[in-house]
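The values are calculated or read from the model by the stated rules, or taken from the named source; none is laboratory data. These numbers come from a predicted model, not from an experiment. Using ideal geometry, Cβ is built from the backbone for each residue, glycine included, and neighbour counts are taken over all protein chains shown. Please note that ligands, DNA and RNA were not included when accessible areas were found on the heavy atoms of the full protein model with its side chains. Shrake-Rupley method; radii C 1.70, N 1.55, O 1.52, S 1.80 Å.
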Amino acid sequence: MTGEQPSLFEADDSPRPLADRLRPRTLAEVVGQDHLLADDAPIGRMIDARRLVSMVLWGPPGCGKTTIARLLAERTDLAFEPLSATFSGVADLRKVFQAAKQRREMGQGTLLFVDEIHRFNRAQQDSFLPYVEDGTIVLVGATTENPSFELNGALLSRSQVFVLKRLDELALDTLIDRAEGVLGGPLSLDAHARQSLVAMADGDGRYLLNMIEQIQDLPGPIDTATLAAAVQQRAPLYDKSQEGHYNLISALHKSMRGSDPDAALYWLSRMLLGGEDPLFIARRITRFANEDIGMADPNAIQQSLAAWDVYERLGSPEGEIAIAQAVLYLSTAPKSIGVYRSFNKAWAAAKRTGSLMPPAHVLNAPTRLMKDLGYGKDYQYDPDTDDGFSGANYFPDGMPRETFYEPTDGGYEHAITDRLRHWAQLRTSNQTDSAETDSVPPETK
(Lines give C-alpha, C1' and ligand atoms only; values in the text may rest on other atoms or scores of the structure.)
Protein backbone atom coordinates (compact mmCIF):
# COMPACT_ATOMS: atom_id res chain seq x y z
CA MET A 1 0.00 0.00 0.00
CA THR A 2 1.51 3.32 -1.08
CA GLY A 3 -1.31 5.44 0.28
CA GLU A 4 -1.74 7.15 -3.09
CA GLN A 5 -5.26 8.04 -4.15
CA PRO A 6 -6.34 6.71 -7.56
CA SER A 7 -6.52 9.34 -10.29
CA LEU A 8 -9.95 10.55 -11.27
CA PHE A 9 -8.83 10.44 -14.88
CA GLU A 10 -7.68 6.83 -14.99
CA ALA A 11 -9.90 4.11 -16.39
CA ASP A 12 -12.34 2.64 -13.91
CA ASP A 13 -11.71 -1.09 -13.69
CA SER A 14 -14.64 -1.76 -11.36
CA PRO A 15 -16.97 -4.37 -12.83
CA ARG A 16 -19.98 -3.18 -14.72
CA PRO A 17 -23.43 -4.48 -13.76
CA LEU A 18 -24.36 -7.72 -15.47
CA ALA A 19 -27.30 -6.06 -17.21
CA ASP A 20 -24.93 -3.57 -18.81
CA ARG A 21 -22.41 -6.23 -19.80
CA LEU A 22 -25.16 -8.22 -21.51
CA ARG A 23 -26.74 -5.25 -23.26
CA PRO A 24 -27.39 -6.33 -26.89
CA ARG A 25 -24.91 -5.06 -29.46
CA THR A 26 -27.19 -5.73 -32.42
CA LEU A 27 -30.95 -5.72 -32.91
CA ALA A 28 -30.78 -9.45 -33.60
CA GLU A 29 -29.69 -9.97 -29.98
CA VAL A 30 -32.78 -8.20 -28.58
CA VAL A 31 -35.13 -10.84 -27.16
CA GLY A 32 -38.89 -10.89 -26.96
CA GLN A 33 -39.70 -8.16 -29.49
CA ASP A 34 -39.70 -9.98 -32.83
CA HIS A 35 -43.18 -8.61 -33.59
CA LEU A 36 -41.48 -5.21 -34.06
CA LEU A 37 -37.88 -6.00 -35.00
CA ALA A 38 -38.11 -8.96 -37.39
CA ASP A 39 -37.28 -8.23 -41.03
CA ASP A 40 -40.97 -8.20 -42.00
CA ALA A 41 -42.07 -6.31 -38.87
CA PRO A 42 -42.75 -2.53 -38.75
CA ILE A 43 -39.43 -1.36 -37.29
CA GLY A 44 -37.54 -4.04 -39.19
CA ARG A 45 -38.86 -2.66 -42.49
CA MET A 46 -37.84 0.89 -41.47
CA ILE A 47 -34.30 -0.31 -40.77
CA ASP A 48 -34.11 -2.11 -44.07
CA ALA A 49 -35.15 1.09 -45.84
CA ARG A 50 -32.86 3.15 -43.56
CA ARG A 51 -35.72 5.55 -43.05
CA LEU A 52 -36.90 5.99 -39.45
CA VAL A 53 -39.98 7.93 -38.38
CA SER A 54 -40.50 9.43 -34.96
CA MET A 55 -41.97 6.87 -32.61
CA VAL A 56 -43.04 6.11 -29.08
CA LEU A 57 -41.93 2.80 -27.54
CA TRP A 58 -44.54 1.83 -24.97
CA GLY A 59 -43.82 -1.13 -22.73
CA PRO A 60 -43.12 -2.34 -19.21
CA PRO A 61 -39.74 -1.88 -17.47
CA GLY A 62 -36.90 -4.13 -18.57
CA CYS A 63 -38.22 -5.00 -22.03
CA GLY A 64 -35.49 -3.24 -24.06
CA LYS A 65 -36.79 0.23 -24.94
CA THR A 66 -33.49 2.08 -24.35
CA THR A 67 -31.41 -0.58 -26.08
CA ILE A 68 -33.64 -0.60 -29.13
CA ALA A 69 -33.42 3.19 -29.45
CA ARG A 70 -29.61 3.14 -29.25
CA LEU A 71 -29.31 0.34 -31.81
CA LEU A 72 -31.72 2.10 -34.17
CA ALA A 73 -29.39 5.11 -34.19
CA GLU A 74 -26.40 2.87 -34.92
CA ARG A 75 -28.11 0.99 -37.75
CA THR A 76 -29.21 4.22 -39.47
CA ASP A 77 -26.04 6.27 -38.82
CA LEU A 78 -27.85 8.84 -36.70
CA ALA A 79 -26.23 10.65 -33.79
CA PHE A 80 -27.70 9.27 -30.57
CA GLU A 81 -28.82 11.94 -28.07
CA PRO A 82 -30.25 10.44 -24.87
CA LEU A 83 -32.33 12.47 -22.41
CA SER A 84 -34.30 11.60 -19.33
CA ALA A 85 -37.54 13.53 -18.90
CA THR A 86 -37.11 13.10 -15.16
CA PHE A 87 -33.91 15.18 -15.04
CA SER A 88 -34.18 17.41 -18.12
CA GLY A 89 -35.93 20.68 -18.83
CA VAL A 90 -36.50 23.17 -21.62
CA ALA A 91 -32.91 24.43 -21.43
CA ASP A 92 -31.59 20.92 -22.07
CA LEU A 93 -33.95 20.51 -24.99
CA ARG A 94 -32.78 23.78 -26.56
CA LYS A 95 -29.15 22.56 -26.44
CA VAL A 96 -30.10 19.29 -28.09
CA PHE A 97 -32.12 21.03 -30.80
CA GLN A 98 -29.25 23.44 -31.52
CA ALA A 99 -26.74 20.60 -31.77
CA ALA A 100 -29.12 18.68 -34.04
CA LYS A 101 -29.41 21.71 -36.34
CA GLN A 102 -25.62 21.93 -36.63
CA ARG A 103 -25.32 18.22 -37.41
CA ARG A 104 -27.99 18.53 -40.05
CA GLU A 105 -26.03 21.31 -41.76
CA MET A 106 -23.10 18.89 -41.92
CA GLY A 107 -25.27 16.13 -43.36
CA GLN A 108 -25.94 13.99 -40.27
CA GLY A 109 -29.26 13.36 -38.63
CA THR A 110 -30.05 13.04 -34.92
CA LEU A 111 -32.04 10.45 -33.03
CA LEU A 112 -33.28 12.04 -29.82
CA PHE A 113 -34.15 9.41 -27.27
CA VAL A 114 -36.34 10.65 -24.39
CA ASP A 115 -36.78 8.19 -21.55
CA GLU A 116 -39.97 8.53 -19.48
CA ILE A 117 -41.29 10.99 -22.05
CA HIS A 118 -44.68 11.02 -20.33
CA ARG A 119 -43.09 13.07 -17.52
CA PHE A 120 -42.71 16.08 -19.81
CA ASN A 121 -45.58 18.55 -19.45
CA ARG A 122 -47.66 19.77 -22.39
CA ALA A 123 -45.47 22.81 -23.10
CA GLN A 124 -42.32 20.68 -23.09
CA GLN A 125 -43.94 18.14 -25.41
CA ASP A 126 -45.00 20.94 -27.76
CA SER A 127 -41.38 22.08 -28.06
CA PHE A 128 -40.58 18.92 -30.04
CA LEU A 129 -43.14 19.61 -32.75
CA PRO A 130 -41.28 21.95 -35.16
CA TYR A 131 -38.10 19.86 -35.01
CA VAL A 132 -39.98 16.61 -35.58
CA GLU A 133 -41.99 18.29 -38.33
CA ASP A 134 -38.97 19.50 -40.34
CA GLY A 135 -36.85 16.39 -39.72
CA THR A 136 -34.20 18.04 -37.54
CA ILE A 137 -34.63 15.14 -35.12
CA VAL A 138 -36.08 11.67 -35.18
CA LEU A 139 -37.81 11.45 -31.83
CA VAL A 140 -37.91 8.12 -30.03
CA GLY A 141 -39.78 8.38 -26.76
CA ALA A 142 -39.95 5.60 -24.18
CA THR A 143 -42.78 5.27 -21.71
CA THR A 144 -44.34 2.76 -19.36
CA GLU A 145 -47.65 4.67 -19.40
CA ASN A 146 -50.43 4.68 -21.98
CA PRO A 147 -49.46 7.36 -24.54
CA SER A 148 -53.12 8.08 -25.21
CA PHE A 149 -53.42 9.49 -21.70
CA GLU A 150 -49.95 10.97 -21.19
CA LEU A 151 -48.90 12.51 -24.54
CA ASN A 152 -50.67 15.34 -26.31
CA GLY A 153 -52.48 14.72 -29.57
CA ALA A 154 -50.20 16.89 -31.71
CA LEU A 155 -47.15 14.85 -30.76
CA LEU A 156 -48.96 11.53 -31.19
CA SER A 157 -50.14 12.54 -34.66
CA ARG A 158 -46.49 12.98 -35.70
CA SER A 159 -45.31 9.68 -34.20
CA GLN A 160 -46.02 5.99 -34.45
CA VAL A 161 -46.71 4.13 -31.23
CA PHE A 162 -45.16 0.67 -30.92
CA VAL A 163 -46.13 -1.61 -28.05
CA LEU A 164 -43.30 -3.69 -26.56
CA LYS A 165 -44.20 -6.91 -24.79
CA ARG A 166 -43.12 -8.06 -21.35
CA LEU A 167 -40.47 -10.74 -21.78
CA ASP A 168 -41.92 -14.25 -21.89
CA GLU A 169 -40.35 -17.38 -20.39
CA LEU A 170 -38.43 -18.20 -23.55
CA ALA A 171 -36.85 -14.73 -23.67
CA LEU A 172 -35.96 -14.84 -19.96
CA ASP A 173 -34.43 -18.31 -20.35
CA THR A 174 -32.30 -16.93 -23.18
CA LEU A 175 -31.05 -14.18 -20.88
CA ILE A 176 -30.16 -16.74 -18.21
CA ASP A 177 -28.18 -18.74 -20.78
CA ARG A 178 -26.29 -15.61 -21.84
CA ALA A 179 -25.58 -14.68 -18.23
CA GLU A 180 -24.18 -18.15 -17.57
CA GLY A 181 -21.93 -17.74 -20.58
CA VAL A 182 -20.55 -14.43 -19.31
CA LEU A 183 -20.14 -15.75 -15.74
CA GLY A 184 -18.23 -18.78 -16.96
CA GLY A 185 -20.56 -21.57 -15.96
CA PRO A 186 -24.10 -22.60 -15.09
CA LEU A 187 -25.88 -21.17 -12.07
CA SER A 188 -26.18 -23.53 -9.11
CA LEU A 189 -29.96 -23.71 -9.44
CA ASP A 190 -32.05 -26.85 -9.43
CA ALA A 191 -34.83 -27.11 -12.03
CA HIS A 192 -37.58 -25.76 -9.76
CA ALA A 193 -35.43 -22.84 -8.57
CA ARG A 194 -34.64 -21.90 -12.18
CA GLN A 195 -38.37 -21.80 -12.96
CA SER A 196 -38.96 -19.74 -9.83
CA LEU A 197 -36.25 -17.29 -10.86
CA VAL A 198 -38.02 -16.72 -14.17
CA ALA A 199 -41.37 -16.28 -12.41
CA MET A 200 -39.91 -13.83 -9.89
CA ALA A 201 -38.59 -11.64 -12.73
CA ASP A 202 -42.20 -11.13 -13.90
CA GLY A 203 -41.20 -10.29 -17.47
CA ASP A 204 -38.45 -7.78 -16.55
CA GLY A 205 -35.10 -8.72 -18.12
CA ARG A 206 -33.10 -6.16 -16.17
CA TYR A 207 -34.53 -7.37 -12.89
CA LEU A 208 -33.73 -10.97 -13.81
CA LEU A 209 -30.07 -10.14 -14.44
CA ASN A 210 -29.87 -8.18 -11.20
CA MET A 211 -31.15 -11.22 -9.30
CA ILE A 212 -28.58 -13.43 -11.02
CA GLU A 213 -25.85 -11.10 -9.76
CA GLN A 214 -27.13 -11.61 -6.22
CA ILE A 215 -27.03 -15.42 -6.38
CA GLN A 216 -24.04 -16.11 -8.65
CA ASP A 217 -21.66 -16.70 -5.73
CA LEU A 218 -24.04 -18.71 -3.53
CA PRO A 219 -22.93 -22.31 -2.89
CA GLY A 220 -25.08 -24.85 -4.64
CA PRO A 221 -27.32 -26.51 -5.10
CA ILE A 222 -29.82 -23.62 -4.74
CA ASP A 223 -33.40 -24.75 -4.22
CA THR A 224 -36.55 -22.64 -4.25
CA ALA A 225 -36.44 -21.88 -0.53
CA THR A 226 -32.80 -20.75 -0.71
CA LEU A 227 -33.59 -18.60 -3.74
CA ALA A 228 -36.52 -16.93 -2.01
CA ALA A 229 -34.37 -16.14 1.00
CA ALA A 230 -31.57 -14.71 -1.13
CA VAL A 231 -33.49 -12.41 -3.48
CA GLN A 232 -36.59 -10.27 -3.33
CA GLN A 233 -39.39 -11.02 -5.75
CA ARG A 234 -40.14 -8.19 -8.12
CA ALA A 235 -43.14 -6.15 -7.01
CA PRO A 236 -46.06 -6.57 -9.43
CA LEU A 237 -46.49 -3.78 -11.96
CA TYR A 238 -49.42 -1.81 -10.60
CA ASP A 239 -49.95 1.92 -10.29
CA LYS A 240 -53.13 2.88 -8.49
CA SER A 241 -53.39 6.14 -10.44
CA GLN A 242 -52.45 4.89 -13.90
CA GLU A 243 -53.65 2.53 -16.61
CA GLY A 244 -52.84 -0.71 -14.78
CA HIS A 245 -55.32 0.28 -12.09
CA TYR A 246 -58.15 0.64 -14.61
CA ASN A 247 -57.14 -2.42 -16.60
CA LEU A 248 -57.32 -4.72 -13.60
CA ILE A 249 -60.60 -3.40 -12.21
CA SER A 250 -62.03 -3.77 -15.72
CA ALA A 251 -60.82 -7.37 -15.83
CA LEU A 252 -62.39 -8.07 -12.42
CA HIS A 253 -65.66 -6.42 -13.43
CA LYS A 254 -65.94 -8.29 -16.73
CA SER A 255 -64.97 -11.63 -15.16
CA MET A 256 -67.83 -11.28 -12.69
CA ARG A 257 -70.18 -10.18 -15.47
CA GLY A 258 -69.08 -13.23 -17.48
CA SER A 259 -69.86 -15.52 -14.51
CA ASP A 260 -66.25 -16.72 -14.21
CA PRO A 261 -65.55 -16.92 -10.46
CA ASP A 262 -62.01 -18.28 -10.93
CA ALA A 263 -60.88 -15.44 -13.18
CA ALA A 264 -62.59 -12.93 -10.88
CA LEU A 265 -60.66 -14.25 -7.87
CA TYR A 266 -57.42 -14.06 -9.84
CA TRP A 267 -57.90 -10.39 -10.76
CA LEU A 268 -59.01 -9.57 -7.23
CA SER A 269 -55.79 -11.12 -5.93
CA ARG A 270 -53.71 -9.24 -8.49
CA MET A 271 -55.19 -5.94 -7.36
CA LEU A 272 -54.68 -6.67 -3.67
CA LEU A 273 -51.09 -7.84 -4.22
CA GLY A 274 -50.45 -4.63 -6.15
CA GLY A 275 -51.48 -2.55 -3.15
CA GLU A 276 -54.98 -1.54 -4.23
CA ASP A 277 -57.22 -0.12 -1.51
CA PRO A 278 -59.71 -2.91 -0.66
CA LEU A 279 -62.38 -0.29 0.01
CA PHE A 280 -62.10 0.85 -3.61
CA ILE A 281 -62.80 -2.73 -4.67
CA ALA A 282 -65.70 -2.93 -2.21
CA ARG A 283 -67.24 0.18 -3.74
CA ARG A 284 -66.83 -1.16 -7.27
CA ILE A 285 -68.40 -4.54 -6.57
CA THR A 286 -71.32 -2.81 -4.83
CA ARG A 287 -71.86 -0.82 -7.99
CA PHE A 288 -71.61 -4.06 -9.98
CA ALA A 289 -74.35 -5.64 -7.83
CA ASN A 290 -76.70 -2.80 -8.77
CA GLU A 291 -75.83 -2.49 -12.44
CA ASP A 292 -75.23 -6.07 -13.56
CA ILE A 293 -77.39 -8.16 -11.22
CA GLY A 294 -80.10 -5.91 -9.85
CA MET A 295 -83.44 -7.61 -9.37
CA ALA A 296 -82.23 -10.92 -10.77
CA ASP A 297 -80.86 -11.48 -7.25
CA PRO A 298 -81.79 -8.69 -4.82
CA ASN A 299 -79.56 -10.31 -2.20
CA ALA A 300 -76.46 -9.44 -4.26
CA ILE A 301 -76.42 -5.86 -3.03
CA GLN A 302 -76.72 -7.09 0.55
CA GLN A 303 -73.74 -9.38 0.07
CA SER A 304 -71.69 -6.51 -1.34
CA LEU A 305 -72.60 -4.14 1.47
CA ALA A 306 -71.90 -6.85 4.04
CA ALA A 307 -68.41 -7.41 2.59
CA TRP A 308 -67.77 -3.67 2.69
CA ASP A 309 -68.91 -3.53 6.32
CA VAL A 310 -66.86 -6.57 7.35
CA TYR A 311 -63.70 -5.12 5.82
CA GLU A 312 -64.21 -1.80 7.61
CA ARG A 313 -64.58 -3.71 10.89
CA LEU A 314 -61.73 -6.23 10.44
CA GLY A 315 -59.29 -4.61 8.02
CA SER A 316 -56.60 -6.63 6.22
CA PRO A 317 -56.04 -9.46 5.76
CA GLU A 318 -59.13 -10.97 7.41
CA GLY A 319 -61.55 -8.52 5.83
CA GLU A 320 -60.26 -9.34 2.35
CA ILE A 321 -61.86 -12.79 2.67
CA ALA A 322 -65.26 -11.10 2.93
CA ILE A 323 -64.56 -9.22 -0.30
CA ALA A 324 -63.51 -12.49 -1.95
CA GLN A 325 -66.76 -14.10 -0.79
CA ALA A 326 -68.77 -11.25 -2.27
CA VAL A 327 -66.86 -11.53 -5.55
CA LEU A 328 -67.72 -15.23 -5.72
CA TYR A 329 -71.38 -14.54 -4.91
CA LEU A 330 -71.64 -11.88 -7.61
CA SER A 331 -69.80 -14.03 -10.15
CA THR A 332 -72.21 -16.92 -9.66
CA ALA A 333 -75.41 -14.87 -9.36
CA PRO A 334 -77.85 -14.52 -12.29
CA LYS A 335 -77.19 -11.37 -14.31
CA SER A 336 -79.58 -8.66 -15.45
CA ILE A 337 -79.26 -5.02 -16.44
CA GLY A 338 -83.02 -4.53 -16.21
CA VAL A 339 -82.72 -2.03 -13.36
CA TYR A 340 -79.91 -0.09 -15.04
CA ARG A 341 -81.66 0.06 -18.40
CA SER A 342 -85.08 0.93 -16.99
CA PHE A 343 -83.68 3.75 -14.84
CA ASN A 344 -81.97 5.27 -17.89
CA LYS A 345 -85.25 5.12 -19.83
CA ALA A 346 -87.19 6.73 -16.99
CA TRP A 347 -84.51 9.41 -16.62
CA ALA A 348 -84.79 10.28 -20.32
CA ALA A 349 -88.60 10.43 -20.10
CA ALA A 350 -88.45 12.69 -17.04
CA LYS A 351 -86.13 15.10 -18.85
CA ARG A 352 -88.38 15.05 -21.89
CA THR A 353 -91.73 15.69 -20.16
CA GLY A 354 -90.64 18.68 -18.09
CA SER A 355 -92.71 19.56 -15.00
CA LEU A 356 -95.94 17.59 -15.42
CA MET A 357 -97.98 17.33 -12.24
CA PRO A 358 -98.85 13.96 -10.69
CA PRO A 359 -102.50 12.89 -11.18
CA ALA A 360 -104.84 14.45 -8.63
CA HIS A 361 -105.89 11.16 -7.05
CA VAL A 362 -102.39 10.45 -5.69
CA LEU A 363 -102.04 13.89 -4.04
CA ASN A 364 -102.59 14.34 -0.33
CA ALA A 365 -105.29 16.83 0.71
CA PRO A 366 -104.45 18.18 4.17
CA THR A 367 -106.61 21.32 3.65
CA ARG A 368 -110.25 21.93 2.60
CA LEU A 369 -109.13 23.93 -0.41
CA MET A 370 -107.04 21.04 -1.66
CA LYS A 371 -109.97 18.67 -1.19
CA ASP A 372 -112.21 21.07 -3.13
CA LEU A 373 -109.61 21.06 -5.91
CA GLY A 374 -109.93 17.29 -6.20
CA TYR A 375 -106.72 16.29 -4.44
CA GLY A 376 -106.97 12.64 -3.41
CA LYS A 377 -110.38 12.12 -5.01
CA ASP A 378 -111.15 8.54 -6.06
CA TYR A 379 -107.82 7.29 -4.71
CA GLN A 380 -107.89 3.52 -4.23
CA TYR A 381 -105.87 1.89 -1.48
CA ASP A 382 -104.38 -1.08 -3.34
CA PRO A 383 -103.78 -3.43 -0.39
CA ASP A 384 -107.51 -3.14 0.45
CA THR A 385 -108.74 -4.18 -3.01
CA ASP A 386 -109.82 -7.72 -3.85
CA ASP A 387 -106.67 -8.44 -5.89
CA GLY A 388 -104.35 -6.15 -3.93
CA PHE A 389 -104.03 -4.17 -7.15
CA SER A 390 -106.25 -1.33 -8.34
CA GLY A 391 -104.72 -0.77 -11.78
CA ALA A 392 -104.97 3.00 -11.33
CA ASN A 393 -102.91 5.32 -13.51
CA TYR A 394 -99.95 6.87 -11.67
CA PHE A 395 -98.40 8.69 -14.63
CA PRO A 396 -99.03 12.43 -15.08
CA ASP A 397 -102.26 13.42 -16.78
CA GLY A 398 -101.64 13.86 -20.46
CA MET A 399 -98.63 11.53 -20.51
CA PRO A 400 -99.23 8.12 -22.05
CA ARG A 401 -98.18 5.13 -20.03
CA GLU A 402 -94.64 3.91 -20.81
CA THR A 403 -92.92 0.63 -20.00
CA PHE A 404 -89.46 1.23 -18.56
CA TYR A 405 -88.77 -1.93 -16.57
CA GLU A 406 -88.54 -5.09 -18.64
CA PRO A 407 -87.24 -7.89 -16.41
CA THR A 408 -85.47 -10.88 -17.83
CA ASP A 409 -86.41 -14.50 -17.28
CA GLY A 410 -83.30 -15.12 -15.18
CA GLY A 411 -83.17 -15.54 -11.43
CA TYR A 412 -85.74 -13.75 -9.31
CA GLU A 413 -86.80 -11.62 -12.28
CA HIS A 414 -88.58 -14.67 -13.68
CA ALA A 415 -91.13 -14.37 -10.86
CA ILE A 416 -91.28 -10.61 -11.33
CA THR A 417 -92.07 -11.11 -15.03
CA ASP A 418 -95.02 -13.34 -14.15
CA ARG A 419 -96.26 -10.86 -11.56
CA LEU A 420 -96.03 -7.87 -13.91
CA ARG A 421 -97.83 -9.81 -16.63
CA HIS A 422 -100.64 -10.64 -14.18
CA TRP A 423 -100.94 -7.01 -13.11
CA ALA A 424 -100.99 -5.86 -16.73
CA GLN A 425 -103.96 -8.15 -17.35
CA LEU A 426 -105.75 -6.80 -14.28
CA ARG A 427 -105.04 -3.23 -15.33
CA THR A 428 -106.50 -3.86 -18.78
CA SER A 429 -109.53 -5.56 -17.24
CA ASN A 430 -110.12 -2.74 -14.75
CA GLN A 431 -109.79 -0.12 -17.47
CA THR A 432 -112.35 -2.03 -19.58
CA ASP A 433 -114.78 -2.23 -16.67
CA SER A 434 -114.33 1.46 -15.94
CA ALA A 435 -114.96 2.38 -19.58
CA GLU A 436 -118.15 0.30 -19.66
CA THR A 437 -119.36 1.95 -16.43
CA ASP A 438 -118.69 5.41 -17.81
CA SER A 439 -120.71 4.58 -20.93
CA VAL A 440 -123.90 3.73 -18.96
CA PRO A 441 -126.45 6.64 -18.97
CA PRO A 442 -126.79 8.48 -15.63
CA GLU A 443 -130.46 7.54 -15.17
CA THR A 444 -129.51 3.85 -15.52
CA LYS A 445 -126.78 4.25 -12.93
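Measure off 7 Å from each Cα along the Cα-to-Cβ vector at Lys254 and Thr403, then give the distance between these two points in nanometres to one decimal.
Each label point lies 7 Å from its Cα, and together they span 3.2 nm.
Can you list the GluC sites (Glu not before Pro) in the stretch 312-405 that are in a DSSP coil and have 16 or fewer other beta carbons within 10 angstrom?
Here the GluC sites (Glu not before Pro) that fit, given the DSSP loop and packing criteria, are Glu402.
Charges only on Cβ, +1 for Lys and Arg, -1 for Asp and Glu: so what's the dipole of the chain about the Cα centre, in debye to the nearest 20?
Dipole magnitude for the chain comes out near 1340 debye.
When you count, for each residue, the other Cβ atoms within 10 Å and take the mean per peptide, how do 177-185, 36-44 rank with the highest first?
36-44, 177-185
Compute the FRET efficiency between Asp126 and Phe80 as 1/(1 + (r/R0)^6), taking r as their Cβ-Cβ distance and R0 = 25 Å, and round to the nearest 0.05.
0.60
With each label point set 7 Å from Cα along the Cα-Cβ vector, what nm distance links Glu29 and Phe395?
Placing both labels 7 Å beyond Cα along the Cβ direction yields 7.6 nm.
How long is the gain from Lys101 to Glu318 if the chain were fully straight, where each residue apart is worth 0.36 nm and the alpha carbon distance is subtracted?
Length gained between Lys101 and Glu318: 71.9 nm.
Using alpha carbons only, how many degrees (0 to 90, rounded to 10) separate the axis of helix 205-215 from the longest principal axis of the chain?
Between the helix axis and the principal axis of the chain, the angle is about 60 degrees.
Summarise the accessible area of the chain (1.4 Å probe, protein heavy atoms) by the percent that is carbon and sulfur.
Roughly 52 percent, rounded to a whole number.
Identify which of the listed values of volume of the Cα convex hull per residue in Å³ was calculated from the structure shown: [x] 291; [y] 131; [z] 300.
[z]
In this model, which of Lys165/Lys254; Lys65/Lys101; Lys254/Lys345; Lys95/Lys165 are farther than 29 Å apart at the alpha-carbon?
Lys95/Lys165
Would you work out which of Gly107, Val198, Leu167 lies farthest towards the positive end of the dipole of the stretch 94-241, given +1 charges on the beta-carbon of Lys and Arg and -1 on that of Asp and Glu, about the Cα centre?
About the Cα centre, the residue reaching furthest to the positive side is Gly107.
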